[in-house]
1. Over all distinct alpha-carbon pairs, what is the Kirkwood Rh of the chain in angstrom?
2. Which trypsin sites (Lys or Arg not before Pro) in region 18-109 sit in a loop by DSSP (not H, G, I, E or B) and have at most 13 other Cβ atoms within 10 Å of their own Cβ?
3. Exactly which trypsin sites (Lys or Arg not before Pro) in region 255-342 are in a DSSP loop and have at most 12 other Cβ atoms within 10 Å?
4. What net charge do the residues around Thr270 carry, taking every other residue with its C-beta under 11 Å from that of Thr270, with Lys and Arg at +1 and Asp and Glu at -1?
5. Residues of region 18-45 with backbone nitrogen within less than 19 Å of a virtual label 7 Å along the Cα-to-Cβ line of Glu341, please, listed as ranges.
6. What do you get for Rg/Rh over region 1-76 if you use C-alpha atoms and the Kirkwood form of Rh?
7. Hey, how many Å between the Cα centroid of region 1-47 and the Cα centroid of region 93-141?
8. For region 52-97, what is one quarter of the convex hull surface built on the Cα atoms, given in nm²?
Amino acid sequence: MKKKKILVTGGTGYIGSHTVVELQNAGYEVVIVDNLSNSNADVLEGITKITGTRPFFEKIDCNDLTALTALFKKHRHIDGIIHFAASKAVGESVQKPLLYYRNNLVSLMNLLELMPQFDVSGIVFSSSCTVYGEPDENPIDENAPIKPATSPYGNTKQINEEIIRDYVHSGAPIKSIILRYFNPIGAHSSAEIGELPIGVPQNLVPYITQTGIKVRKQLSVFGDDYDTPDGSCIRDFINVVDLAKAHVIAVERMLKNKTEEAVEIFNLGTGVGVSVLELIHVFEKVSGEKLNYKIVGRREGDIEKIWANPDKANNVLGWKAEESIEDTMESAWKWQLKLREKGIM
Ligand code: UD1
């Protein structure tokens with residue numbers, strides 16, 4: 001049987017690359033589009049080592065409608081799209097709002113516009129639990145209210161969800177699955193791919209592992225005076241490979257016309273909240289390294305506590321986060337050690 005072809009935008013990025021691996025392992029053909037603004041083409045080697053297959057790669061910016069149109073003409077018969085490509089640094093989005101609105105909105109609109117022209121009927125969209133803002137209660141499910149965004153980045157996720165809904169509502173012949181990620185962390189167990197932020201990491205886990213390996217002097221823990229048991233913020237840290245697997249299930253659901261609504265939304269999380277300090281201690285346990293950290297003031301715009309109610313994804317998709325937090329932190333550390341071995345970091 002002919003392999004189904006999936007276009008993965010942002011496929012050399014962190015979540016994208018792990019998803020490409022799972023798609024190829026599940027027998028899909030993958031075309032990656034990435035402008036390499038926050039990733040490196042070397043990721044393709046890692047993907048090839050793990051799966052034995054090199055995905056097609058096109059260095060294209062999804063905001064470039066002409067280039068994107070040419071891509072759809074070149075790679076005929078794309079069956080579905082997973083759209084990861086986006087800028088994602090919360091702080092930077094406050095400094096450069098127009099860049100964020102342009103990058104994150106235009107790229108989705110371009111894809112949506114091209115889908116009917118090239119008979120592509122389904123798109124999986126990368127959204128975020130940031131759309132919920134500070135939850136009134138935890139765990140939080142998909143019916144919780146959407147709160148005003150605290151950053152342009154968060155706003156782009158909310159607006160993108162609305163763009164998809166409005167487009168489908170207008171009668172466009174497409175369907176979509178919106179996945180709201182909680183906090184993806186860790187790396188592939190082979191340590192061939194993982195998270196590699198360019199410059200100083202903004203997110204917690206790469207900062208922890210880079211401090212562990214002494215690329216960074218000290219981790220700042222942003223606040224220990226929150227209303228949580230140990231005073232630090234609480235998140236739902238989800239293993240990136242578990243997360244990637246959910247995309248394969250979502251794509252299959254779309255392609256087999258099993259969706260119950262034209263737009264479906266799923267939380268992807270573990271259902272368990274872990275504090276920043278707890279995560280640091282897990283890291284110390286699995287790495288055997290004492291982490292140099294200090295408590296500093298709160299980071300503006302941070303949410304105090306949020307974790308998922310993943311029942312809908314568990315029951316409807318038949319997907320469940322499986323990896324333990326220990327194994328996940330160990331995979332992140334193994335990846336960091338591999339970067340050192342290769343002289344990258
Ligand atoms: C943020 C966004 C999320 C986005 C993600 C991608 C919000 C509320 N959340 O997640 O939507 O998808 O970034 O980049 O906009 N921390 C430290 N020290 C550090 C770094 C982080 O203590 O050096 C703490 C933070 O205060 C936070 C937790 O670790 O409590 C997690 O932070 P981070 O990894 O940046 O993720 P979020 O802010 O949860």
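Bear in mind that the values in this text are calculations on the coordinates, not laboratory data. Model, not experiment: these values are computed from the prediction. Neighbour counts are summed over all protein chains in view; Cβ atoms, including those assigned to glycine, are modelled from backbone coordinates with ideal geometry.
1. Answer for the chain: a Kirkwood hydrodynamic radius of 20.4 Å.
2. Here the sparse-neighbourhood loop sites are Arg76.
3. Values: sites: Lys256, Lys258, Lys285, Lys290, Lys294, Arg298, Arg299, Lys305, Lys312, Lys320, Lys334, Lys338, Arg340, Lys342; in loops: Lys256, Lys258, Lys290, Arg298, Arg299, Lys320, Lys342.
Hits after loop and neighbour filter: Lys256, Lys258, Lys290, Lys342.
4. Details: positive: Arg235, Lys320; negative: Asp236, Asp242, Glu322, Glu323.
That works out to -2.
5. Only 42-45 pass the distance filter.
6. Values: Rg = 11.9 Å, Rh = 12.5 Å.
My calculation of the ratio gives 0.96.
7. Centre-to-centre (Cα) distance: 19 Å.
8. Here the figure is 5.1 nm², rounded to one decimal.
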